[in-house]
Amino acid sequence: MTFWETITGSDLTREWKAFEARAQQLPAEYRSAWEQIKGNIFAYGDFTGRNLMPIADAALGLLEEASADGQPIQEVLGDDIPAFCAALAGGEGARTYRDRWREQLNRNVARKLGRLGG
Amino acid sequence: MGIQDVIEGKKQWRAHVARVKALPPDYQIVYKEMQKYLFKVGPIDLSEGRLLPDIVDFFEEGVASGKGVLQLIGPDVAAFCDDLIKGTRTYADVYQESFTANPGPTEK
Amino acid sequence: MDDLTEMLKGTLEGCVLEIIGGEETYGYAITRRLNELGFADVIEGTVYTILLRLERNGLVEVTKRPSEVGPPRKFYALNDAGRAELATFWAKWQYVSSRIDGLKEGRR
């Protein structure tokens, strides 16, 4: 049984539908990244999924913001989506990823502010 | 639910985005990069607190005082973000705790 | 004195509590006060993250008041929990500083 089929609570279904509606607004490469993220975060176990909602929501928010910025998807997620998802869920390698995100943040700020000045 | 509903519905989220857009370019750049970082790290204050609108409040005050954004928050933007959420739990923490608190799945 | 950042970590929160304890005040004024005291490296962003934590931990009452320049400002005042926290801070400070002074005196 897939995760999707295990969700029976109607409130959860409603929330997932809202997520899907948001995902439909994304450009194609972002949409396919969303599919991969879903697939990966639910590999995390056997549960109702309620705890994963905020994680999925934040990930979707990230995709929305990044696509609005016109950022290439690889720049946002890196090339290893499963590892990225493990980090989102606080699994193995989360700490390393957080360091990477930190560096990425400061690098992006420096680059974009530099462009602004020049 | 949802971070965007949290800021009480779509209308409020749009108002929030409009406030961000009204900031000077350097502030906008930093705000957007911070938001992306925070979405990844996932502090529960994103949905349970007013973290994002509060940051904009703070930035608006900085603009009014005539400071550049890095003068306001310092050059290490990531360190500033980490200070903002220091001592708070992340969604990942909550998720991980749900296993230790509840060994075995709890099907309703 | 330069480069006090590491050393100030952990005590800055107490300093901010003390300043707020004197009278209701806002972030920029707190920063200026710390700068005047000789902590020149303390920036508004740092004070802001401290204020956010104090608020989150329920140690302060926050009131928004209009400002002559720019958007409304958040003013902070200590509540009972904040006053208790401040007393704890001074007790800890007393303990640490007397022990460290003792260490230095023992040298002679």
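Computed from the coordinates by the stated procedures, all read-outs in this text should not be read as laboratory data. Everything numeric here is computed off the predicted structure, so don't read it as measured data. Here the Cβ positions follow ideal geometry from the backbone for every residue, glycine too, while neighbour counts run over all protein chains shown.
Considering the protein assembly as shown, its Cα convex hull presents a mean projected area of 21.4 nm². If exposed GluC sites (Glu not before Pro) are those in a DSSP loop with at most 12 other Cβ within 10 Å, what is the longest stretch of chain C that has none? Counting at most 12 other Cβ atoms within 10 Å as exposed, the longest clean stretch of chain C is C:24-67.
Taken along the Cα-to-beta-carbon direction at a fixed 7 Å, the label points for C:Arg107 and C:Glu24 span 4.6 nm. Would you be so kind as to identify which of A:Leu113, B:Tyr37, A:Thr13 lies farthest towards the positive end of the dipole of the protein assembly as shown, taking Lys and Arg as +1 and Asp and Glu as -1 on Cβ and the Cα centre as origin? With unit charges placed on the Cβ atoms, the residue in question is A:Leu113. The C-alpha atoms of chain C define a longest principal axis, and helix C:44-56 lies at about 80 degrees to it. Compared with the rule-of-thumb size 2.2 N^0.38 Å for a compact globular protein, the range B:32-107 has a Cα radius of gyration ratio of 1.40. Taken along the Cα-to-beta-carbon direction at a fixed 7 Å, the label points for B:Lys10 and C:Arg65 span 4.0 nm. Qualifying GluC sites (Glu not before Pro) in the range B:4-94, where qualification requires a DSSP coil assignment and no more than 14 other C-beta atoms within 10 Å, comprise B:Glu8.
Couplings for the range C:4-9, taken from phi via the Karplus curve 6.51 cos²θ - 1.76 cosθ + 1.60 with θ = phi - 60°, read 8, 3, 4, 5, 6, 3 Hz in order; Gly and Pro are left as x. Evaluated with a Cβ-only charge set (Lys, Arg +1; Asp, Glu -1), the range A:3-117 carries a dipole of roughly 440 debye about its Cα centre, given to the nearest 20.
Rank C:Gly38, C:Gly58, C:Gly82 by mean-square fluctuation in a GNM of chain C with C-alpha springs under 10 angstrom and give only the top-ranked residue. Of C:Gly38, C:Gly58, C:Gly82, the most mobile in the Gaussian network model is C:Gly38. A convex hull fitted around the alpha carbon atoms of the range B:10-66 yields 76 Å³ per residue. Comparing C:Ile19, C:Ile43, C:Ile30 in a Gaussian network model of chain C where C-alpha atoms under 10 Å apart are linked, the largest mean-square fluctuation is found at C:Ile43.
Taking square-rooted eigenvalues a ≥ b ≥ c of the alpha carbon gyration tensor, is the range C:5-101 rounded, prolate or oblate, where a/c under 1.5 means rounded and, failing that, a/b exceeding b/c means prolate?
Judged from the Cα gyration tensor, the range C:5-101 comes out oblate (a/c at least 1.5, b/c at or above a/b).
On a C-alpha basis, how far is the centre of the range A:67-118 from the centre of the range C:39-60 in Å? Whole number, if you could? Result: 27 Å between the Cα centres. Using a Gaussian network model of chain C in which every pair of alpha carbons under 10 angstrom is joined by a spring, one finds that among C:Leu52, C:Leu86, C:Leu12 the greatest mean-square fluctuation is at C:Leu52. With Cα atoms defining each centre, the range B:26-50 and the range B:65-89 are spaced 11 Å apart in the structure.
Between 0 and 90 degrees, the angle of helix C:80-105 with respect to the longest Cα principal axis of chain C falls at about 30 degrees.
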